[in-house]
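Report on the structure given below.
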Amino acid sequence: MMQDKLQAIQAEAISLIRAAEKPERLHDVRVKYLGKKGELTGLLKGMKDISPAERPKVGQMVNDTREAIEAVLEEVKAGMDKKILEAKLQEEVIDVTLPAQKKGLGHRHPNTIAREEVERIFIGMGYEVMEGPEIEYDLYCFEKLNIPADHPAKDEQDTFYINKEIVLRTHTSPVQARAMEKGKLPLRMIAPGRVFRSDEVDATHSPSFHQIEGLVVDKNLSFADLKGTLAVFAKELFGAETKTKFRPHHFQFTEPSAEVDVSCFKCGGSGCRFCKGTGWIEILGCGMVHPNVLEMCGIDSEVYSGFAFGMGLERIALLKYEIDDMRLLYENDVRFLQQF
Ligand code: PHE
């Protein structure tokens, strides 16, 4: 009678196990038949009603049934696990023949390369790199640089006005005034940045371009210091053979003032298409800081003197990388940029 019961339980459990399609179902079966409140455990609890002589035999039979069910459970579970793993592997298979997803790397802009090169040279000479605002007070852009409102020199720079007092800076020279006003002397700085002029776009002009300003203020500075500094700079930037030439010029905020030419690094000075046959290429404006400017920025011009210079970054980039149209610098065409 007990044997029949056990056989019925075993058959029922095994058919349920075989019919299960997921591991959760197997777990349910295990609980139902082998668990603490399961059917087999229930039978063992009924042992007290069986005669002591019969007990070992019945106990053995229950254990056999339990083992038989366990064995099928294990077998079916192993089969299921294998199928699940195979499906997963199938799903995650990597097709090595598919084309790779390439992420195009960008490229540093010639302006950036040129700016970093100029910065490297001046940092090497002990200069600090500073910045000033692109939207600037007329006061710093003109007044403090010795360019009063009614002066014709102000007309030379066609300016974008925000209102009567605020402009888009036309040069990086206002950073000179801002640096001097801070009052920390001696001062040795460069200031790269964007400037704006109301110019038409062509091969050499743009309403927005970049300059790098330079300023040194100290005791006993002379024009010789300016000349020496810029001569070293030109050799570093364009090659050790480069010569420099200072031509007298006029800027309101420097006195005396000069424009600086470098010997053509293409032909070495004999004259070529690059230097338009002259052997020289203009690269910057400079001069000794005007005493009025020093005084307006709170510096005693009897004790201190200074020199300043300013160059167009695009011009340097165009020269250095032999680019013949400035507009190429603003198109951000990777095919162009990747050449440098
Ligand atoms: N600010 C001048 C310009 O834009 C350049 C310059 C800077 C000249 C410093 C002298 C000294 O043309």
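The values are calculated or read from the model by the stated rules, or taken from the named source; none is laboratory data. A quick note: this is a predicted structure, and the numbers were derived from the prediction, not measured. No Cβ is skipped: glycine too gets one built from the backbone with ideal geometry, and neighbour counts run over all protein chains shown.
Structural remarks
- Top-ranked residue of region 242-264 - restricted to ones that are of a type in the set (Asp, Glu) and under 19 Å from VAL289 (Cα atoms), ranked as farthest from the chain's Cα centre (by Cα): GLU255
- Of all the listed residues (ASP225, ASP218), the sole one being touching a Pro at 6+ places or on another chain (Cβ under 9 Å) and among the acidic types (Asp, Glu) is ASP218.
- Out of LEU168, LEU185, LEU221, sole residue that is of a type in the set (A, V, I, L, M, F, W, C) and in contact with a Gly (Cβ under 8 Å, 6 or more places away or on another chain): LEU221
- Test set (1) within 16 Å of the ligand (Cβ to nearest atom); (2) surrounded by 19 or more Cβ atoms within 10 Å (Cβ to Cβ) - LEU237 fails condition number: (1)
- Among the conditions (1) under 30 Å from PRO186 (Cα atoms); (2) touching a residue at least 12 places away in the same chain (Cβ under 8 Å); (3) touching a helix residue (DSSP H, G or I) at 6+ places or on another chain (Cβ under 7 Å), TYR321 misses just one, which is (1).
- Residue check, GLU200 within 23 Å of LEU284 (Cα to Cα) and not in a loop (DSSP other than H, G, I, E, B): no
- Region 210-225, residues that are part of a strand (DSSP E or B) and within 17 Å of ILE299 (Cα to Cα): LEU215, VAL216, VAL217, ASP218
- Listed by first and then second residue, the pairs linking a residue in region 180-202 that is modelled with pLDDT under 95 to a residue that is part of a loop (DSSP other than H, G, I, E, B) and exposed (fewer than 14 other Cβ atoms within 10 Å of the Cβ), with Cβ atoms under 9 Å apart and 6 or more places separating them unless they lie on different chains, are GLY183/GLY298; SER198/ASP158; ASP199/ASP158; ASP202/ASP325.
- Complete set of residues in region 201-215 that are more than 9 Å from the ligand (Cβ to nearest atom) and either surrounded by 14 or more Cβ atoms within 10 Å (Cβ to Cβ) or within 26 Å of the chain's Cα centre (by Cα) (or both): THR204, SER206, PRO207, SER208, PHE209, HIS210, ILE212
- Test for LEU98: is it under 30 Å from HIS27 (Cβ atoms) and either more than 14 Å from the ligand (Cβ to nearest atom) or basic (Lys, Arg) (or both): no
- From the list LYS32, LYS45, LYS57, LYS37, the one residue that fits, being in contact (Cβ under 8 Å) with a residue 12 or more places away in the chain and out of contact with any Lys or Arg (no Cβ under 6 Å at 6 or more places or on another chain), is LYS32.
- Of everything listed in (1) over 34 Å from the mean Cα position of the chain (by Cα); (2) among the aliphatic types (A, V, I, L, M); (3) away from the ligand (no atom under 11 Å from the Cβ), the single unmet condition for ALA231 is (1).
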